[in-house]
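> Below are the structure tokens for one structure; questions will follow.
Where a number appears in this text, it was derived from the coordinates with a stated rule and is not lab data. Quantities reported herein were computed from a predicted structural model and do not represent experimental measurements. Neighbour counts are summed over all protein chains in view; Cβ atoms, including those assigned to glycine, are modelled from backbone coordinates with ideal geometry.
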Amino acid sequence: MDKEYENIKIHTEDGITFVSLNRPDKRNAMSPALHYDMEDALIRLADDSETKVLVLTGEGEAWCAGQDLKLYFRETYNNPAERKRSNTASHHWRWEMLSRYSKPTIAMVNGYCFGGAFTQLCACDFAIAADDAVFGLSEVNWGIIPGGLVSWNLTDTMLPRHALYYAVTGEPFTGKRAEEIGLINFSVPKDQLRERTLELARKLTKLNPGVVRYTREAVKAVRRMGPVEARDYLGSKQDSLQKADKEIADRVGMKEFLDQKSYRPGLGPYERPKQD
Ligand code: COA
């Protein structure tokens, strides 16, 4: 995508688009202007044919130090119209868009991740962090609760006791600990972070995008359903996938397993036939 932004950087290579929050001097704290940039960029990238997988990261030492306490909170205190506008944009890109994005998303957590940043962390499909990245629910120190959607994100992603412990104490924790408590998929030494993220991203670009999208949507949606609703929903979802998916992946894969005996799902992911 050729558009340039003041508060974010975008770089695409081999179908993988890195979107970096770019306020390193402010540890990538989220100002209203950054929210507007991110909202615009995510809308554009959703339709960008070069982007197959989106990686969200940060420039410099931080992934994101949360909402900008000065520009997002203090300076909009007496400007309710701006507060409302930036709050809407903030929620729109961090949760409404990212949690249901049309392409797979990976949070690549290179450093500090605080407060409001947990929302986009939890919205991304996958999260990989540097072992020494520092996570923190610092709200308690400001006399506020993890608001916006953060408290909900925590209990939705982590076991409730861990969510409560870190929210109430405000104690920071590392990438390694974030893996142990299920907040991220895994942590790696910092010098391997980019390569390990690319490894996962490349794997995702090789899969059938329609099947991946429907699977992501299905797994997320059934979480809040009972078994009866879920079964009904999954049946309809499968029907609509079959109608929508040009490659008819289930039949192609099955043919290769049952007839041609050229593919064993237990030995590795399905390699799509070459696309034109
Ligand atoms: N809002 C506004 N500004 C922030 C910020 C935030 N959330 N986080 C960092 N900054 C600013 C600092 O004020 C400082 O600005 P200055 O250079 O104009 O003084 C700059 O970013 C660098 O921060 P600094 O604290 O000097 O960097 P550090 O590397 O020593 O520490 C952190 C990094 C992230 C540990 C520390 O900045 C911090 O604790 N930030 C607050 C994080 C937070 O609680 N976020 C949740 C908000 S609800």
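> Would you mind calculating the relative contact order of region 172-249 from Cα pairs under 8 angstrom and at least 6 residues apart, reporting the percent as a whole number?
Values: 26 pairs, mean separation 17.7, N = 78.
RCO, region 172-249: 23 percent.
> Show me 253-262, 78-87 ranked by packing, highest mean number of other Cβ atoms within 10 Å first. Please report the intermediate quantities before stating the final value.
On the way: 253-262: 11.6, 78-87: 13.5.
Ranked by mean Cβ neighbours within 10 Å, highest first: 78-87, 253-262.
> Okay, moving on. Residue farthest toward the positive end of the dipole of the chain, with Cβ of Lys/Arg at +1 and Asp/Glu at -1: which of Gln120, Gly136, Leu183?
The residue sitting most towards the positive pole is Leu183.
> What is the local net charge at Ala221, summed over the other residues whose Cβ is closer than 11 Å to its Cβ (Lys, Arg +1; Asp, Glu -1)?
Numbers: positive: Arg100, Arg216, Lys220, Arg223, Arg224, Lys237; negative: Glu217, Glu229.
Net local charge, Ala221 excluded: +4.
> On to the next question. Report the Cα centroid-to-centroid distance between region 77-153 and region 197-267 in angstrom, as an integer.
Rounded to whole Å, the Cα centres lie 29 Å apart.
> Can you run phi through the Karplus equation (6.51, -1.76, 1.60; θ = phi - 60°) for region 193-200 and list ³J(HN,Hα) in whole Hz, with x for Gly and Pro?
Result, ordered by residue: 4, 5, 5, 5, 5, 4, 4, 5 Hz.
> Quick check: the angle from helix 160-169's long axis to the longest principal axis of the chain, C-alpha only, nearest 10 degrees?
20
> Can you give the local net charge around Lys84? Use residues other than it whose beta-carbon is closer than 15 angstrom to its beta-carbon, Lys and Arg +1, Asp and Glu -1.
-1
> Along the Cα→Cβ direction, 7 angstrom out, place labels at Val168 and Arg83. What is the inter-label distance in nm?
Those two pseudo-labels are separated by 3.0 nm.
> Relative to a virtual label point 7 Å from the Cα of Glu50 in the Cα→beta-carbon direction, which members of region 1-36 show backbone nitrogen distances below 20 Å?
From region 1-36, the list is 1-22.
> Also, quick follow-up: If I take every Cα pair under 8 Å that is 6 or more residues apart in the chain, average their sequence separation and divide by the length, what percent do I get for the relative contact order?
With pairs under 8 Å counted, the relative contact order is 14 percent.
> Let me ask something else. List the lysines whose Cα lies under 30 Å from the Cα of Lys84, skipping any in the same chain that are fewer than 8 positions away.
Within reach: Lys3, Lys9, Lys26, Lys70, Lys103, Lys220.
> While we're on this one: Over the chain, with a Gaussian network built from C-alpha contacts below 10 Å, which listed residue (Tyr77, Tyr101, Tyr36) shows the highest mean-square fluctuation?
Maximum among the listed residues: Tyr77.
> Same structure, new question: For region 227-241, take each phi angle, set θ = phi - 60°, evaluate the Karplus expression 6.51 cos²θ - 1.76 cosθ + 1.60, and give the result in whole Hz per residue in order, putting x for glycine and proline.
x, 5, 4, 5, 5, 4, 4, 5, x, 5, 5, 5, 4, 6, 5
> Just to check, using Stokes-Einstein with a Kirkwood Rh over alpha carbon pairs, what's the diffusion coefficient of region 55-150 at 4 °C and 1.567 mPa s in µm²/s?
It comes out at roughly 93 µm²/s.
> Under 20 °C and 1.002 mPa s, how fast does the chain diffuse according to Stokes-Einstein, given a Kirkwood radius computed over C-alpha pairs? Answer in µm²/s, whole number.
Details: Rh = 20.0 Å.
My calculation gives 107 µm²/s for D.
> Charges only on Cβ, +1 for Lys and Arg, -1 for Asp and Glu: so what's the dipole of the chain about the Cα centre, in debye to the nearest 20? It would help to have the intermediate numbers written out before the result.
On the way: 39 positive and 40 negative charges, 132 e Å.
It comes to approximately 640 debye.
> Per residue of region 37-51, in order, report the coupling 6.51 cos²θ - 1.76 cosθ + 1.60 (Karplus, θ = phi - 60°) as ³J(HN,Hα) in whole Hz, putting x for Gly and Pro.
Once θ is set to phi - 60°, the couplings for region 37-51 become 4, 5, 4, 5, 5, 5, 4, 5, 5, 4, 9, 7, 5, 6, 9 Hz.
> Given the rule -39500 (n - 2.57) for each run of at least 4 DSSP H residues, summed and divided by the residues of the chain, what is its mean residue ellipticity at 222 nm, to the nearest 500 deg cm²/dmol?
Computed ellipticity for the chain at 222 nm equals -13000 deg cm²/dmol.
> In angstroms, what radius of gyration and Dmax does region 42-81 have, counting Cα atoms only?
15.5, 42
> Please list, in chain and number order, the residues 5+ apart from Asp245 or on another chain whose amide H is under 5 Å from its amide H, with Hs placed from the backbone.
none
> Return the distance in nm (one decimal) between the two label points of a simple spin-label model at His91 and Glu229, each offset 7 Å from Cα along Cα→Cβ.
2.0
> Near the amide H of Ser187, under 5 Å away, which other amide H atoms are found, from residues 5 or more places off or on another chain, if H is placed in the peptide plane?
HN-HN under 5 Å from Ser187: Ala129.
> How long is region 209-258 along each principal axis, judged by its Cα atoms, biggest number first, in Å?
That gives 35, 21, 16 Å along the principal axes, largest extent first.
> Further question: Taking a spot 7 Å from the Cα of Gln260 along the direction of its beta carbon, which residues of region 185-226 have an amide N less than 17 Å from it?
207-208
> Relative to the longest principal axis of the chain, what angle (0 to 90°, nearest 10) does the C-alpha long axis of helix 80-91 take?
Helix 80-91 and the main axis of the chain meet at about 30 degrees.
> If you don't mind, there's one more thing I want to ask. Work through the residues other than Thr57 whose Cβ is under 11 Å from its Cβ and net out their charges, Lys, Arg +1 and Asp, Glu -1. Provide the component values of the computation, followed by the final result.
Working: positive: Lys9, Arg194; negative: Glu59.
Residues close to Thr57 contribute a combined charge of +1.
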